[in-house]
Amino acid sequence: MSNSTISAISTPFSDTASAVALPVLSADVRVPLRTGGEIAYAALDYAASAPVLSHVWADVAEFAPLYGSVHRGAGHLSLRATELFEHSRATVAAFLGCRPGDQVLFTRSTTDSLNLLAAALPPKTRVFVFESEHHAALLPWRRHAVTHLPVPGSPEESVRALDEALAGAPSGEPKLLCVTGASNVTGELWPVRELAAVAHRHGARVVLDAAQLAPHRRVNIAQLDVDWVAFSGHKLYAPFGAGVLAGRADWLRAAEPYLAGGGATRVVASRAGGGLAVEWVADEARHEAGSPNVIGCYAIASACRALSAAGFDALEAHESRLLGLLREGLARVPAVRELSLFGPGAPRVAVVSFTVAGWDSAEFARELSERYGIGVRAGLFCAQPLVRRLLGAQGPADGCAGPEQAVRVSFGAGTPEEHVTRLVRAVGELTA
């Protein structure tokens, strides 16, 4: 890893950088077809895990020979690995537009980030969350008082519902809103700024689940005026199992460490009367006990640099064009019904879910894979309350198996037009 590479990590990011190619490793993968022969794989399941950017893989390969124990040694490789790890933290902070005093914690995933924050909430915190959220945002708060807000029919309805719920909440107690930036089911964008304004007016804080938003749109903590942002590396074109929780430090510093162990402590000493006295550190290491996933964290930093170099305006334009081709093509197939929360004209990222009349969703996805070399997702997408509502299912058991599920197509940087047109053609042929 060259010194110039390390120094470049903290460079401020621009929304409108000159567009550059963002190739992904899966572009060269060929898969067998049931009908014989092979075809280039069409990866259209980015919302689950995005393909690895070639830029990220090259950066990781360059660093790998210099891998060492982070914060654990005085040797040259340990010092270089520690420097790279902390520069990666600075990269993510710049990428997210963090404010002075914000912390960037490295975790395993969005799920891990939200569970960490849940463990750090002050006593008697009440959490507000829409039932349309991903399970990672719905479930971590179960040990706290939770107000589940109904699935809204429009962005304006979500703002009104939050305003009313917060107005009726007990005063003087900590409050937190957890909300997604973009639905992992429909791709629709949520009114994050408006929700944050309402939350702050009522004295509540906001954590943004940016797992589906960050790969497609610029996420700026200060501009969105949210208190925390959580996202996963594997959805941001970075493998190796790392995630981020970034934002306000006060609740995190006041909380017991998420994990107790090496790296989180300043002093551990025996008490005169027996037992141990422990003093925890106050910085990010407080919640990062153990040897960190330096490869995963550096992969996230590399992806942040690559996406910013490409320019989010250029990425959005590319995805918008392909999204138009996809939705227009699916609309021409009578058997297809696209799922939507806010309506067909709502702004969205490149995630589309739909049902196909007469088809089991899992079987349809299998046909796309085996006959056309297309990878999509079928099921309830870890957002069961939302998908059941969109499917019109009734009762808690409906939609758990069989045809009461959906097919999801998602893409992003590195997706060629041919993958989308192949999907549209395949859907038409399978339903003919």
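The values are calculated or read from the model by the stated rules, or taken from the named source; none is laboratory data. On a predicted model such as this, the values are computed, not experimentally measured, just so you know. Note that each Cβ is placed from the backbone with ideal geometry, even for glycine, and that neighbours are counted across all protein chains shown.
From the list Ala47, Ala42, the lone residue that is closer than 20 Å to Leu213 by Cβ, crowded, with 16+ Cβ neighbours inside 10 Å, small (Gly, Ala, Ser) and touching a residue at least 24 places away in the same chain (Cβ under 8 Å) is Ala47. Annotation: of all residues in region 25-81 being polar (S, T, N, Q) and out of contact with any His (no Cβ under 6 Å at 6 or more places or on another chain), the one that is farthest from Gly375 (Cα to Cα) is Ser78. The single condition among (1) closer than 26 Å to Arg348 by Cβ; (2) among the aromatic types (Phe, Trp, Tyr); (3) touching a Cys at 6+ places or on another chain (Cβ under 8 Å) that Phe130 does not satisfy is (3).
Modelled with pLDDT under 95, out of contact with any Ser or Thr (no Cβ under 6 Å at 6 or more places or on another chain) and farther than 24 Å from Leu213 by Cβ: is that true of Ala432 in this structure? So Ala432 fits the description; yes. The requirement of being out of contact with any helix residue (DSSP H, G or I) (no Cβ under 8 Å at 6 or more places or on another chain), in the same structural domain as Arg205 (by TED's automatic domain parsing), outside any helix (DSSP H, G or I) and surrounded by fewer than 13 Cβ atoms within 10 Å (Cβ to Cβ) is not satisfied by Ala289.
Filter region 200-248 for residues that are of a type in the set (Lys, Arg) and surrounded by 21 or more Cβ atoms within 10 Å (Cβ to Cβ) and give the result. Can you show your working first?
First, the residues of region 200-248 that are of a type in the set (Lys, Arg): 201, 205, 217-218, 235, 248.
Arg205, Arg218, Lys235 - these are the residues of region 200-248 that are of a type in the set (Lys, Arg) and surrounded by 21 or more Cβ atoms within 10 Å (Cβ to Cβ).
Restricting attention to region 352-370 and to residues that are touching a residue at least 24 places away in the same chain (Cβ under 8 Å) and of a type in the set (D, E, K, R), the residue that is farthest from Thr415 (Cα to Cα) turns out to be Asp360. Is it fair to say Ala335 is at pLDDT 95 or above and surrounded by fewer than 18 Cβ atoms within 10 Å (Cβ to Cβ)? Taking the combined requirement at face value, the residue satisfies it.
Please verify whether Val349 is touching a residue at least 60 places away in the same chain (Cβ under 8 Å) and in contact with a strand residue (DSSP E or B) (Cβ under 6 Å, 6 or more places away or on another chain), treating the condition exactly as stated. Spell out the reasoning first.
Numbers: touching a residue at least 60 places away in the same chain (Cβ under 8 Å): yes; in contact with a strand residue (DSSP E or B) (Cβ under 6 Å, 6 or more places away or on another chain): yes.
Here the answer is yes, as Val349 does meet what is asked.
Against the test of being closer than 22 Å to Leu53 by Cβ and either out of contact with any strand residue (DSSP E or B) (no Cβ under 8 Å at 6 or more places or on another chain) or in a helix (DSSP H, G or I) (or both), the options Leu368, Leu307, Leu325 yield a single qualifying residue, Leu307.
Any residue at all in region 175-190 that's surrounded by fewer than 19 Cβ atoms within 10 Å (Cβ to Cβ) and in contact (Cβ under 8 Å) with a residue 40 or more places away in the chain?
no
Which of the helices (runs of 4 or more DSSP H) found entirely inside region 65-155 contain at least 3 residues meeting this: at pLDDT below 95?
Values: elements: 76-96, 110-120, 135-138.
Of the helices (runs of 4 or more DSSP H) lying wholly inside region 65-155, those with at least 3 residues that are at pLDDT below 95 span 76-96.
Residues in region 330-346 that are assigned to a loop (DSSP other than H, G, I, E, B) and in contact (Cβ under 8 Å) with a residue 60 or more places away in the chain: Arg332, Val333, Pro334, Ala335, Leu339, Ser340, Leu341, Phe342, Gly343, Ala346. Residues in region 258-270: is at least one within 28 Å of Phe128 (Cβ to Cβ) and out of contact with any Asp or Glu (no Cβ under 7 Å at 6 or more places or on another chain)? Within region 258-270, one or more residues are within 28 Å of Phe128 (Cβ to Cβ) and out of contact with any Asp or Glu (no Cβ under 7 Å at 6 or more places or on another chain). Give me the pairs, please: first residue somewhere in region 259-285 and on the phi < 0 side of the Ramachandran plot, second residue anywhere and part of a loop (DSSP other than H, G, I, E, B) and loosely packed, with under 10 Cβ neighbours inside 10 Å, beta-carbon distance under 6 Å, and either six or more positions apart or on two chains. Within 6 Å, the pairs are Ala277/Arg271.
Any residue that is in contact with an Asp or Glu (Cβ under 6 Å, 6 or more places away or on another chain) and either touching a residue at least 24 places away in the same chain (Cβ under 8 Å) or not aromatic (Phe, Trp, Tyr) (or both) - is there at least one of those in region 232-243? So far as region 232-243 goes, yes, one or more of its residues are in contact with an Asp or Glu (Cβ under 6 Å, 6 or more places away or on another chain) and either touching a residue at least 24 places away in the same chain (Cβ under 8 Å) or not aromatic (Phe, Trp, Tyr) (or both). Looking only at residues in region 36-58 that are in contact with a Lys or Arg (Cβ under 8 Å, 6 or more places away or on another chain) and among the small types (Gly, Ala, Ser), the one that is farthest from Arg377 (Cα to Cα) is Ala40.
If you go through region 119-131 and keep only what is over 13 Å from Arg205 (Cα atoms) and touching a strand residue (DSSP E or B) at 6+ places or on another chain (Cβ under 8 Å), you end up with Lys124, Phe130, Glu131. Close contacts from region 53-82, counting a first residue that is free of Cβ contacts under 8 Å to residues at least 60 places away in the same chain and a second that is in a helix (DSSP H, G or I) and of a type in the set (Ser, Thr, Tyr), with Cβ to Cβ under 8 Å and a gap of 6+ residues or different chains, come to Gly68/Ser78; Gly68/Thr82.
Looking at the structure I just gave you, is Gly399 part of a loop (DSSP other than H, G, I, E, B), modelled with pLDDT under 95, crowded, with 19+ Cβ neighbours inside 10 Å and out of contact with any Pro (no Cβ under 8 Å at 6 or more places or on another chain)?
Working: part of a loop (DSSP other than H, G, I, E, B): yes; modelled with pLDDT under 95: yes; crowded, with 19+ Cβ neighbours inside 10 Å: yes; out of contact with any Pro (no Cβ under 8 Å at 6 or more places or on another chain): yes.
Judged against the criteria, Gly399 is a match.
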